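A quick write-up on the structure given underneath.
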Amino acid sequence: MIQGFLDDFQLCFVKNGRYDYLLSGLGITLEVALSAIVLGLAIGFLVAVVRSTHDKYGKFPFLNALARIYLTVIRGTPMVVQLLITYYIIRRSIDSKVLIAILAFGINSGAYQAEIIRAGIASIDAGQMEAGRALGLSYWRTMLRIILPQAVRNVLPALGNEFIVLMKDTSIVGYIALIDLAKGGDIIRSQTYSVYLPYLTVAAIYLVLVMTFTWLLSKLERRLRKTGADVVRNDL
Amino acid sequence: MNEALLKIDGLKKSFGRLEVLKGLTTTIAEGEVVVMIGPSGGGKSTFLRCMNLLEQPTEGSIVFNGIDIVAADEKTKNKVRSEMGMVFQHFNLFPHLSILDNVTLAPRLVRGVDRATAERKAMELLGRVGLAEKAKAYPQQLSGGQKQRVAIVRSLAMEPKVMLFDEPTSALDPEMVGEVLDVMKDLAKNGMTMVVVTHEMRFARDVASRVLFLEGGHIAEEGSPKELFGAPKSSRLKEFLGKVELTEVRQDKDL
């Protein structure tokens, strides 16, 4: 049995340098996931602030309407379909599949992150904005320096969850023939007819990725907790 | 009388259909300590919050530094606010910042003061209210009275021309009220112009140069503490004073 496993291992990962499918696939997975997280954060902050500002002060009616359409469409359609549409729309102008995937996943994740961050902004006591404004800070400066740092701290677990989901969701980039970790394992399976070892290995690598990420996030959370209250309202 | 710092004329404020301020006119002179008393819902806090435009008045004018700030643009309003300190009932310290950063944030961001200078000034002010050793602490580690003293220091760091106090002791445990009032008395003694909304009648009696009795969105009565507390004219003020004095007597007995 051990011999069988070793033969399988040899066939799947060593022969013809097949381990490279997993290695370069892992690189693609990380590149797409991390870039999409950053893009999603940028979109998320923007949309969340527009939505919050509109809900509170009635400003930016046009941007707010746009943001709502964006949220509805992105959250109402499957990721795979969004990826394919993005691919066929822009593949003529952008020929990097990695970039296309980053765009598709970033735009998708931005919608979810926007709602998470908006919840975080709503969780901050109105007195915080008032205190900032009373000191002479502009609305945007108060938002940036007072509200958002606290908002993000409050929703970090939810954001972390979204990052993890996004990281695993990138395993569908095979649909646009991008060879990521999952697709790499699939190729090995198709070349070797060995099923379990490639897929289980791929699963294990994802698991390690997510665990590492979770660990990093909890470290960040602890650090933020240390520098301040875990209560939202500082008067309680 | 000193020069007028704030000239308020015909100030009205409505929230939807509810008219909270129904045309207030008064002038606050430099160095004055104006205390606003009255039943809740009478418009005291709203009036105070209109003075630094946390609430946008519906009608009327507020002249500060020679300009009508009600009609001013956003940039001017920010500048005006930076020259008025405000202390809130619930302190509203920034929980994610240390005490020192709470105090230095606005001078650095709004005034462009460099960090070292801002921190030196902050430490001096914190020392004055006896909280220098808390500079590195965070708001949640402080008692209510300490938080409110920090909040006062945070406003003072901007060297305001006037300080607005919105029920600064109402959220405090009784034994911490004194330490905050002491800081405020000190400020008054040093000539700070102050507008104070409070239920502390003793503070009004001892420190105020003028008392406004707000009721139903009007300034129902105003005058020196001696006039208002000694010889209230309207029946509403008599009734109000009767109620609060009863509670004060009760508190005295408790002590």
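The values are calculated or read from the model by the stated rules, or taken from the named source; none is laboratory data. Keep in mind that this is a model prediction, so the values were computed, not measured. Methodologically, a virtual Cβ is constructed for each residue, glycine included, from the backbone with ideal geometry; neighbour enumeration extends over all protein chains shown. Protein only, heavy atoms only, side chains kept; ligands, DNA and RNA dropped before computing areas. Shrake-Rupley method; radii C 1.70, N 1.55, O 1.52, S 1.80 Å.
If each DSSP helix of 4+ residues adds -39,500 (n - 2.57) and the sum is divided by the residues in chain A, what number results at 222 nm, nearest 500 deg cm²/dmol?
Values: 10 runs with 179 residues, N = 236.
Calculated mean residue ellipticity at 222 nm is -25500 deg cm²/dmol.
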*Entries in A:K56/A:K219; B:K189/B:K226; A:K59/B:K13; B:K12/B:K161; A:K59/B:K7 that, when Cα-Cα distance is taken, lie over 28 Å*: A:K56/A:K219; A:K59/B:K7
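Return the percentage of antiparallel bridges among DSSP beta bridges fully within chain B, rounded to the nearest 5 %.
Working: 21 of 38 bridges.
Bridges in chain B that DSSP calls antiparallel: roughly 55 percent.
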*Cα lying deepest toward the dipole's positive end in segment A:23-227, options A:T142, A:T72, A:V195, charges on Cβ*: A:T142
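How large is the helix-only mean residue ellipticity at 222 nm for chain B, computed as the sum of -39500 (n - 2.57) over DSSP H runs with n ≥ 4, divided by its residue count, in deg cm²/dmol to the nearest 500? Before the final figure, lay out each step's value.
Values: 8 runs with 100 residues, N = 255.
For chain B, the value works out to -12500 deg cm²/dmol.
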*Can you work out ³J(HN,Hα) from phi for every residue in segment A:194-205, in order, using Karplus 6.51 cos²θ - 1.76 cosθ + 1.60 and θ = phi - 60°, giving whole Hz and x for Gly and Pro?*
8, 9, 5, 4, x, 5, 5, 5, 4, 4, 4, 5
_Kirkwood Rh and Cα Rg combined as Rg over Rh, evaluated for chain B_ = 0.97
*Hz values of 3J(HN,Hα) by residue in segment A:142-158 - Karplus curve (6.51, -1.76, 1.60), Gly and Pro given as x*: 5, 4, 6, 9, 10, 7, 4, x, 6, 4, 5, 4, 5, 10, 4, x, 5
*Give the long-range amide H neighbours of B:M86: residues separated by 5 or more places, or on another chain, with amide H under 5 Å away, using H modelled in the peptide plane at 1.01 Å from N.*
B:L164
_Probe 1.4 Å, accessible area per residue of the protein assembly as shown, Å²_ = 48 Å²
*Kindly write out, for segment A:55-71 in residue order, the coupling ³J(HN,Hα) from the Karplus curve 6.51 cos²θ - 1.76 cosθ + 1.60 (θ = phi - 60°), rounded to whole Hz, with x marking Gly and Pro.*
4, 8, 10, x, 7, 6, x, 5, 4, 5, 4, 4, 4, 5, 4, 4, 4
*Quick one: if you stick a label point 7 Å off each Cα along the C-beta vector at B:K185 and A:V210, how many nm between them?*
6.4 nm
_Using only the alpha-carbon atoms of the protein assembly as shown as identical scatterers, what base-10 log of I(q)/I(0) does the Debye formula give at q = 0.06, 0.12, 0.13, 0.14 Å⁻¹?_
-0.41, -1.06, -1.18, -1.30
*asked:* Give me, ordered by chain and number, the residues 5 or more places off B:A220 or on other chains with an amide H under 5 Å from its own placed amide H.
replied: B:F213, B:L214, B:E215
_Fraction of antiparallel bridges per DSSP, the protein assembly as shown only, in percent to nearest 5_ = 55 percent
*Counting every Cα pair in segment A:23-227, what percent are over 20 Å apart?*
62 percent
